[in-house]
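Scroll down for the structure; my scribbles are underneath it.
The values are calculated or read from the model by the stated rules, or taken from the named source; none is laboratory data. This structure is a prediction, so every number in the text was calculated from the model and none was measured. Every residue, glycine among them, receives a Cβ derived from its backbone with ideal geometry; neighbour counts consider all protein chains shown.
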């Protein structure tokens, strides 16, 4: 079988958006499915990680076409700053308003027409059995929808994140007409796709309202995080967060707790080390300063995927943050699954009854605390700290093999063949 995969994010893109389909493509041929990639030729990726190109199978077809991105013209003064500071990218009210109301569903909409023309010609001469589109950006689904109609092909729409319910949409100050257009486009995609796949059970319930078939395939981890290199844990009581940290995930309660313990417990402040690997919102930085923790904090910035894995493995505690927003139950950050393999205690802030809680309970890898549950969080940090002092800070995680990328790709292959 052959499948055409339409994705904006592809190496050398860095960050979490590229990982899911890079890994699926890596393993699909093991299940007798040949992937054909369609992606952008000249993308303005916020982050680049050339090391990921080594993971692309050598024998696959990769089709590329240039894209014109209006944000490159409108936001040219901010472009380089945004690459360094994407956690604050929605803070400019005017630019966010333009983005949310004039580029629907997203600024990649101008790639749709030329992509359909190019792929229509390609498909007339090259047979494929199915099309897969992955978003965001959700313009990828609009390309696939037109091709499905033109060529009567089976179509899988992959939603790595919600569309209209995506938490940062509020920052765009969308007018009524824009909200209605987003809802209309989303509904058409959900109704017309032969199958929708998404990353959590809560999102599945949301999409089932309009879709005839929804399947869950979570994100996962791959072999590079399992390589058995010697790990020397941080000498300090390190709490490390790896990835993008937007203002919606600002863990104010955590910083307040750490300040309190620092005042109450001798040596705690000297032992404490906060590591932030990735882009951090300005509001988070202010909160760290307000709680007198700046001297305890290391701001590493964006690093390659390989280096991020190293930071995960040597940290005493791994911090996981779910945005403190409505409809957060279904949010599962891609970093979670690599955290699981690090075998370090996971300290998470988010909805207590969300999908994250179910996974952490099933794997015994950590615990989730509500953003308002200050006392419970404080007691947990103290317990972790006391184990650290005894050189006994560890976690006995289990049931994580189900999240290996090869296992997840087998699930995908089964869905593709079922169509």
Members of region 1-42 that are assigned to a loop (DSSP other than H, G, I, E, B), touching a strand residue (DSSP E or B) at 6+ places or on another chain (Cβ under 7 Å) and buried (at least 18 other Cβ atoms within 10 Å of the Cβ): 7, 8, 10, 14, 33
So residue 172, is it surrounded by 19 or more Cβ atoms within 10 Å (Cβ to Cβ), within 23 Å of the chain's Cα centre (by Cα) and closer than 15 Å to residue 102 by Cα: yes
Count of region 386-408 residues which are under 29 Å from the mean Cα position of the chain (by Cα), buried (at least 18 other Cβ atoms within 10 Å of the Cβ) and in a helix (DSSP H, G or I): 3
Test: residue in region 352-371 that is under 20 Å from residue 275 (Cβ atoms) and assigned to a helix (DSSP H, G or I): no
Residue within region 65-82 that is exposed (fewer than 15 other Cβ atoms within 10 Å of the Cβ), touching a strand residue (DSSP E or B) at 6+ places or on another chain (Cβ under 8 Å), at pLDDT 90 or above and not in a loop (DSSP other than H, G, I, E, B) present: no
Count of region 295-323 residues which are assigned to a loop (DSSP other than H, G, I, E, B) and touching a helix residue (DSSP H, G or I) at 6+ places or on another chain (Cβ under 7 Å): 4
Some residue of region 152-164 being part of a helix (DSSP H, G or I), in the same structural domain as residue 204 (by TED's automatic domain parsing) and modelled with pLDDT of 95 or more: no
Top-ranked residue in region 83-118 [being more than 23 Å from residue 41 (Cβ to Cβ), part of a helix (DSSP H, G or I) and out of contact with any helix residue (DSSP H, G or I) (no Cβ under 9 Å at 6 or more places or on another chain); ranked as modelled with the highest pLDDT]: 94
